[in-house]
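Presented below is the structure to which this report refers.
A short reminder: the numbers here are calculations on the coordinates, not readings from a lab. Note that the coordinates shown come from a computational prediction; the quantities given were computed from them, not determined experimentally. Glycine gets a Cβ as well: all are built from the backbone with ideal geometry, and neighbour counts include every protein chain shown.
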Amino acid sequence: MKKETTWLLAAGFFLCAAMPAAAQDRPADEMELESAAAELDADAAEPGGEKAVVDKLMSEFKVDGPRVQGLREQGLGYGEVAVALTLAQGLPGGITDVNVHNVTRLRLGPPALGWGKVSKELGLKPGAAISKVKKVQAEVRERTKIEKARLGKAAIEKEKNGKKARGGK
């Protein structure tokens with residue numbers, strides 16, 4: 001019994017010590033890029049957010065809806081679409097079918113690579129992608145904030161008009 005307990009404690013200690021080392025394998029800029037992409041996905045999940053994100057991706061990268069939808073159908077989130085288009089934009093020729101395919105092939109694998117490794121494989125720095133994704137995200141948030149305010153005012157007006165119709169004040 002003592003041997004089993006000692007063995008389990010040693011294994012647990014080893015796993016706890018190994019976890020931070022595994023996290024260190026991912027560069028900070030890769031984690032920041034993935035975090036920004038996840039935040040853009042969260043913004044898309046808000047009411048009216050998906051349309052705002054798609055519209056912004058189309059205008060920012062000068063792509064059409066089918067290009068964005070095609071990337072989504074490959075399993076990329078909206079934030080990942082922004083990263084993929086940013087990286088493709090940084091390649092010679094810009095956003096072309098070949099460049100987008102090369103980016104997504106590296107990302108989706110096999111073997112699937114993190115965005116930092118994809119950037120490195122392409123000879124690009126992830127900092128530009130981080131900046132671009134954050135820019136898209138900020139503009140989407142501003143647009144959805146304005147839309148929420150507009151919808152809020154419309155709801156208030158609708159309620160006022162309803163009360164007047166019922167004879168209230």
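Descriptive notes on the structure:
- Rounded to the nearest 0.05, the FRET efficiency derived from the C-beta distance between LYS148 and ASP29 at R0 = 35 Å is 0.65.
- Taking 19 Å as the limit for the C-alpha separation, the pairs LYS62/LYS125; LYS51/LYS117; LYS56/LYS120; LYS51/LYS148; LYS56/LYS145 exceed it in the case of LYS62/LYS125; LYS51/LYS117; LYS56/LYS120.
- Contour minus Cα-Cα distance for ARG72 and GLU46 (0.36 nm per residue): 7.6 nm
- Net +/- balance of residues flanking LEU106 in space, Cβ distance below 11 Å, scoring K and R +1, D and E -1: +3
- Environment charge of ILE146, counting only residues whose C-beta is closer than 15 Å and scoring Lys/Arg +1, Asp/Glu -1: +2
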